[in-house]
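The values are calculated or read from the model by the stated rules, or taken from the named source; none is laboratory data. This one's a predicted model, so the numbers in the text were calculated from it and none came from an experiment. Note that each Cβ is placed from the backbone with ideal geometry, even for glycine, and that neighbours are counted across all protein chains shown.
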Amino acid sequence: MGFKLFLLLEKILMILPKSFRKGFFSMLATIAYYASSRYRNIAYKNLDFVFGSNMSDDEKKEITKYSFKNLLFNFLHLIEIKHMSKEDLAKKVTIQNIQAVQKAHKDGRAVIYVTPHYSAWELGGASIGAFIEPITAVYKSMKNKQYEEWLLDSRAHFSNKSLEKRNVLKPLIKLIKNGEGCGIVIDTSLNKREGLEVDFLGKKIRQTATPAFLARKYNAAIIPITIRTDDEENYTLMLFDEIPVEKTDDEQADLQKATQLQADWLNKLVLDEPKFWFWVHRRFKSEYPEIYKK
């Protein structure tokens, strides 16, 4: 019953003007900020942990509020993407440095797009599929299967596919061997048995080594990609130059170096414009669980 009401709300929202939808979700974000002390506190604790006294309380409050707004706008984008044409999307999104991908393809190499939860990530994923190449993105399964199906259907609107993260390595290898693109999120929390230890935002954390492993073994190109906006109407899809992966006699050192380079890229991205990163996430829970205790 609840999901049917949600689908009804979706239909009503898409009948109403875009300005109303944007205002409605902005209002929901404000309500969520004040109503959800749990997630509000997670953001504050993350910001305190990373910036401490180097960032004022007012700045931390502003960034935390924006994290809620950004999350709700990503949800709005999921609704709108299902009703967009490529022409509609092209009016919203400009692509920067597509030459990085074109060079990899010219060399006959598959591309591994590494990306974080940053700004309008749902719009970014759709834009890759619409204007660069269809990709298969790794995702974590959800408890609510009806909503998961709805979400994956939206992500598939511009020919992208999704791959659940459990036992994901073999399917990814097959994709890369076939020259197909894949997307891997690199800013999620991992337990101590996963990933490699890297320096990130002045902390020691675990980050997935899967992109480095696949790129090294199958000669794929790691291309960092994200999206940003100045006005939440017009967006820039930013592709960065390939992150090199060496292939020496020391495989572990090669993987460590390439994974750290990805962390360095994300580190600069977050420090340059911290408001766009999704701070309402317990990114440091595996290595520093004490910061989230009451």
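Before moving on, here are some points about what is shown:
- In the set (1) out of contact with any Asp or Glu (no Cβ under 6 Å at 6 or more places or on another chain); (2) closer than 23 Å to Trp277 by Cβ, the condition left unmet by Met84 is number (2).
- Cβ-Cβ distances below 6 Å connect the following pairs, each with a first residue in the range 267-279 that is closer than 17 Å to Ala43 by Cβ, a second residue that is of a type in the set (Ser, Thr, Tyr) and part of a loop (DSSP other than H, G, I, E, B), and a separation of six or more residues or different chains: Phe276/Ser119.
- Screening the range 138-167 for residues that are within 23 Å of Arg109 (Cβ to Cβ) and in contact (Cβ under 8 Å) with a residue 40 or more places away in the chain and picking the one that is nearest to the chain's Cα centre (by Cα) gives Val138.
- Taking each residue of the range 192-211 that is of a type in the set (Phe, Trp, Tyr) and looking for partners that are part of a strand (DSSP E or B) with beta-carbon atoms closer than 9 Å, six or more apart or interchain, yields Phe200/Gln207.
- Test: residue in the range 232-248 that is under 16 Å from Asp48 (Cβ atoms), touching a helix residue (DSSP H, G or I) at 6+ places or on another chain (Cβ under 8 Å) and assigned to a loop (DSSP other than H, G, I, E, B): no
- The range 142-179, residues that are assigned to a loop (DSSP other than H, G, I, E, B) and modelled with pLDDT of 95 or more: Ala156, His157, Phe158, Ser159, Asn160, Asn178, Gly179
- For the range 212-253, the tally of residues that are touching a Lys or Arg at 6+ places or on another chain (Cβ under 6 Å), surrounded by 17 or more Cβ atoms within 10 Å (Cβ to Cβ) and charged (D, E, K, R) stands at 1.
- Among the residues of the range 236-251, just one is more than 15 Å from the chain's Cα centre (by Cα) and hydroxyl-bearing (Ser, Thr, Tyr), namely Thr248.
- Lys174 vs. criteria within 15 Å of Pro211 (Cα to Cα) and surrounded by fewer than 16 Cβ atoms within 10 Å (Cβ to Cβ): yes
- Under the condition of being under 17 Å from Glu180 (Cβ atoms) and of a type in the set (S, T, N, Q), the residues counted in the range 210-247 number 2.
- Helices (runs of 4 or more DSSP H) within the range 1-99 that include 2 or more residues surrounded by 14 or more Cβ atoms within 10 Å (Cβ to Cβ) and in contact with a strand residue (DSSP E or B) (Cβ under 9 Å, 6 or more places away or on another chain): 37-51, 57-81
- Boolean, Ile173 is farther than 25 Å from Ser286 by Cβ, without any contact (Cβ under 8 Å) to a residue 60 or more places away in the chain and touching a Phe, Trp or Tyr at 6+ places or on another chain (Cβ under 8 Å): yes
- Check on Gln102, of a type outside the set (Val, Ile, Thr), at pLDDT 95 or above, farther than 25 Å from Asp187 by Cα and surrounded by fewer than 16 Cβ atoms within 10 Å (Cβ to Cβ): yes
- Selected residue [charged (D, E, K, R), at pLDDT 95 or above and under 26 Å from Phe3 (Cα atoms)] from Glu122, Glu133: Glu122
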